[in-house]
Structure formats: C-alpha cells, structure tokens
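The values are calculated or read from the model by the stated rules, or taken from the named source; none is laboratory data. Computed from a predicted model, the values in this text were never measured in an experiment. Counting neighbours? That spans all protein chains shown, and the Cβs are built from the backbone with ideal geometry, glycine included.
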Amino acid sequence: MFRHAERTIILVGTAHISQESVELVRLVIEQEKPDRVCLELDDKRFQALTQKERWQSVDLKEILRKKQLSTLLITLLMTSYQKKLGGKLGVIPGAELLAAAETARMKQIPISLCDRDIRITLRRAWKSTSLWEKGVILSSLFVSLFDDTEISEEKLTELKRKDVLSQLMEELGESLPDLKRVLIDERDIFIAEKIKTSPGNKLVAIVGAGHIEGIINSFNIDNDSLLQDITVIPPVSKTWKLAGWVIPLTIIGALAAIGIQKGASVAGDYLLFWILANGIPAACGAMLALAHPYTTLGAFTAAPFTSLSPLIGAGQVTALIQVLKRPPVVREFENASSDMSTIKGWWSNKLLRVILVFLLTTLGSALGTWVGGYRILNNLIS
C-alpha cells in the first residue's frame with residue numbers, strides 16, 4: 001500500500017496458478033472496499049476468462065488474412081504452459097483475476113482493465129527478437145508442453161508463491177533482454193499509467209507478483225508520453241522490405257540470364273525444376289499434416305509462386321484452404337491449449353492441424369526455395 005497524488009493504491013501481487021492468490025484477492029477487496037479494482041488484463045484476456053462462448057466469435061479466416069496465425073500459436077503455447085502447471089496445482093490459470101472481477105461485481109465495485117492488448121504485446125515481442133531468438137523461444141515453449149517430469153512438493157509450494165509466467169520471462173530476459181523489455185518492462189509502465197488514470201480515491205490493483213517492483217518504480221515517473229510508443233507495432237523497415245525481394249528477383253533474373261545465354265529450352269528446364277523443387281516439399285508437408293487433398297494440391301500449386309513473393313507465403317495459402325475445407329469447431333478452439341500437449345492432439349484437433357499445415361508447408365516451401373535457388377544459380381555461374 002502506498003500513496004500517490006492524494007490517493008491510496010493497494011498493489012496485490014499474485015501468482016496466476018495459485019489458490020492462495022484467489023483467496024487473497026477476495027479477502028483484500030472485501031476488507032478494503034476500494035472505489036475501483038484494477039486488473040492486469042486487457043479486453044481480450046478478460047473476455048477469455050469471463051465468456052465461455054468467446055470462441056464462437058473467432059474468425060480464423062480474418063486471422064489468416066491479417067497474418068496473425070503465429071500470434072495465435074504463441075498465445076496457445078503460453079496458455080498451455082500455464083494450464084499444465086495449473087492442472088498440477090488444481091487451479092485454473094488466471095483464477096485470481098477472475099475471482100477479483102467476480103468479487104468486485106458482487107460488491108458493485110467498478111473495474112479497470114489496465115494491461116496492454118495481448119496482441120500488441122506478442123507482436124512487439126515477436127518483432128523485437130532475431131530469427132535465432134524466435135527459434136529459442138518457440139523450442140522452449142514446445143519442449144515444456146511434452147515435459148512430464150513430476151513436480152516435487154517443495155516445487156509446488158514455490159510455484160504457489162510466484163507468478164510462473166513472469167518468472168519464465170525473467171529467466172528468458174537474462175539471455176533475451178529485448179524480449180524482457182517488451183513483455184515485462186513496457187507492460188510495467190503501461191499498467192502503472194493505467195492505474196494512475198483510473199478514477200477513485202482508493203484503488204486495489206491485482207497484478208502478477210513479477211510486476212510489483214517495476215510498477216512501483218514506474219509510479220514515480222511520468223511515462224504518459226511513452227504510452228503511444230509502446231502501444232504500436234513497429235513497421236517493417238524499408239531495408240527488410242527490399243531484402244524480401246532479393247531472392248525472388250535474383251531467381252527471376254537468373255532464369256532470364258540462363259535463357260539469354262543457353263536458350264529458352266534450358267531456362268524452361270530450370271523453371272520446371274524450380275516448380276518441382278518448391279511444390280513437392282510443400283505438398284509433402286501438407287500430407288505429413290494429414291491435410292485435406294485440396295490443401296495438398298494447393299501447396300504444390302502455390303509454393304513455386306509464393307516463393308517468388310514476400311507478400312504471401314505458401315503456409316498462408318494452405319492454411320486458408322484447410323480452414324475452408326475442414327473448419328475447426330468451437331470445442332476444438334476451447335481444447336486447443338490442452339490438446340497441443342500431446343502428439344496425437346496436434347493431428348486430431350482441427351485448429352492445431354491448421355497450424356501444422358501452416359508450419360510444415362512453410363518449411364517445405366523454404367526448403368524448396370533453397371534447393372531450387374542453389375541449382376539455378378549454380379548453373380548460371382558454372
């Protein structure tokens with residue numbers, strides 16, 4: 001508890017998978033009777049906790065159109081990680097935030113959602129990391145899904161006292177400082193500023209224990225001018241945009257040069273090799289994902305062309321076809337974070353299979369691009 005601008009602020013640090021935290025937030029709200037309760041939630045996460053029918057409004061085609069499938073994947077991975085730990089502790093992840101919202105509603109106390117939009121946070125985090133760092137993050141999350149190591153009683157007690165997700169990000173922050181800056185430091189600033197602007201003379205703020213120190217430090221600084229900067233997704237630089245055209249233009253230029261130097265028939269042979277080198281691995285990726293036959297055909301057809309454009313990838317095309325031919329049902333959205341912890345679940349859940357189609361056809365197309373590109377350029381310079 002501390003004073004700020006003649007108001008009383010009560011920060012309650014919680015663990016997102018702790019029954020003790022659930023009981024604590026209820027007790028604090030009931031005893032303190034604040035004018036407002038501030039929650040470490042954005043609108044999307046609040047809806048996810050409070051509206052069981054939320055998945056009915058999800059438009060997967062729109063997610064694909066906006067190229068946000070990778071964001072959905074990371075969200076599911078992080079949710080699955082917390083659910084796995086929460087299951088061992090007998091607590092639903094975010095239960096203390098839900099308890100705070102329900103207690104505030106029962107006491108007719110208004111609430112403020114004070115966290116940054118999760119989509120902005122994840123996309124800023126994704127853009128802040130290198131290709132290698134992205135691989136480290138995804139591999140760490142994937143490995144955690146299939147880790148069946150039993151947790152000791154001492155570890156369970158420790159987990160109950162900590163914000164597990166913040167702890168994980170702190171550990172990653174030691175080797176990935178840019179990721180920590182986006183996932184923790186920026187959110188500390190954002191949450192602090194939102195609490196400052198929340199009405200009421202007495203506020204109770206429910207936040208993850210890992211954010212307490214950063215929020216308190218941010219209260220002593222006027223960071224209002226930073227909000228605009230940390231709530232936008234950095235645009236792709238012109239350098240990267242130009243770099244994205246390097247491979248396509250190089251391949252097209254090489255084929256043209258082969259045609260001029262060695263004749264149209266030779267260039268045609270290499271064009272056919274390019275089509276097969278891209279189409280076959282992409283189609284194999286779709287078949288490995290047990291995709292719909294039309295999706296596999298789409299992978300073979302699209303990959304040679306999408307490899308020559310930085311604007312769209314083979315994975316996006318095939319994922320869209322898969323959604324159209326075998327759309328996931330609401331139940332599969334709801335169970336995705338649980339199903340992804342088993343090998344069988346990735347193929348039995350239609351939403352996860354869409355993601356598999358996206359990943360495996362993208363990988364196949366990338367492999368084909370390097371094989372086809374090497375063969376064409378090698379011929380040109382030989």
Next on the checklist: Looking only at the range 169-195, how many residues end up being surrounded by fewer than 20 Cβ atoms within 10 Å (Cβ to Cβ) and modelled with pLDDT under 85?
Outcome noted: 9
Next on the checklist: Quick check on my filter: what residues within the range 269-278 are surrounded by 14 or more Cβ atoms within 10 Å (Cβ to Cβ) and either under 28 Å from Val357 (Cβ atoms) or among the β-branched types (Val, Ile, Thr) (or both)?
Outcome noted: Leu271, Phe273, Trp274, Ile275, Leu276, Ala277, Asn278
Item to check | Condition met for Gly279 (under 30 Å from Leu69 (Cα atoms) and not assigned by TED's automatic domain parsing to the domain that holds Leu60) | outcome: yes
Item to check | Test: Ser198 is more than 26 Å from the chain's Cα centre (by Cα), buried (at least 18 other Cβ atoms within 10 Å of the Cβ) and farther than 13 Å from Phe2 by Cα | outcome: yes
Item to check | Test for Leu141: is it of a type in the set (A, V, I, L, M) and either modelled with pLDDT of 90 or more or farther than 24 Å from Ile216 by Cβ (or both) | outcome: yes
Next on the checklist: Tell me yes or no: at least one residue of the range 279-300 is polar (S, T, N, Q), surrounded by 22 or more Cβ atoms within 10 Å (Cβ to Cβ) and closer than 19 Å to Leu377 by Cβ.
Outcome noted: no
Item to check | Criterion violated by Ser225 - all others in (1) modelled with pLDDT under 85; (2) surrounded by fewer than 11 Cβ atoms within 10 Å (Cβ to Cβ); (3) within 27 Å of the chain's Cα centre (by Cα) satisfied | outcome: (1)
Next on the checklist: Can you tell me which condition Arg116 does not meet? The list is (1) in a helix (DSSP H, G or I); (2) among the charged types (D, E, K, R); (3) at pLDDT 75 or above; (4) closer than 26 Å to Val22 by Cβ, and all the others hold.
Outcome noted: (1)
Next on the checklist: Looking at the range 42-84 only, could you name the residues that are at pLDDT below 65 and not in a helix (DSSP H, G or I)?
Outcome noted: Lys52, Glu53, Val58, Asp59
Next on the checklist: Any residue that is buried (at least 22 other Cβ atoms within 10 Å of the Cβ) and in a loop (DSSP other than H, G, I, E, B) - is there at least one of those in the range 4-15?
Outcome noted: yes
Next on the checklist: Looking at the range 291-301 only, could you name the residues that are farther than 9 Å from Asn278 by Cβ and either part of a helix (DSSP H, G or I) or not aliphatic (A, V, I, L, M) (or both)?
Outcome noted: His292, Pro293, Tyr294, Thr295, Thr296, Leu297, Gly298, Ala299, Thr301
Next on the checklist: Being touching a residue at least 60 places away in the same chain (Cβ under 8 Å) and assigned to a helix (DSSP H, G or I): is that true of Ala286 here?
Outcome noted: yes
Checklist entry - Which residues, counting only those in the range 253-268, are surrounded by 14 or more Cβ atoms within 10 Å (Cβ to Cβ) and within 18 Å of Phe305 (Cα to Cα)? => result Ala254, Leu255, Ala267
Checklist entry - Taking the stated definitions as given, is Val317 within 19 Å of Thr75 (Cα to Cα), in a helix (DSSP H, G or I) and not polar (S, T, N, Q)? => result no
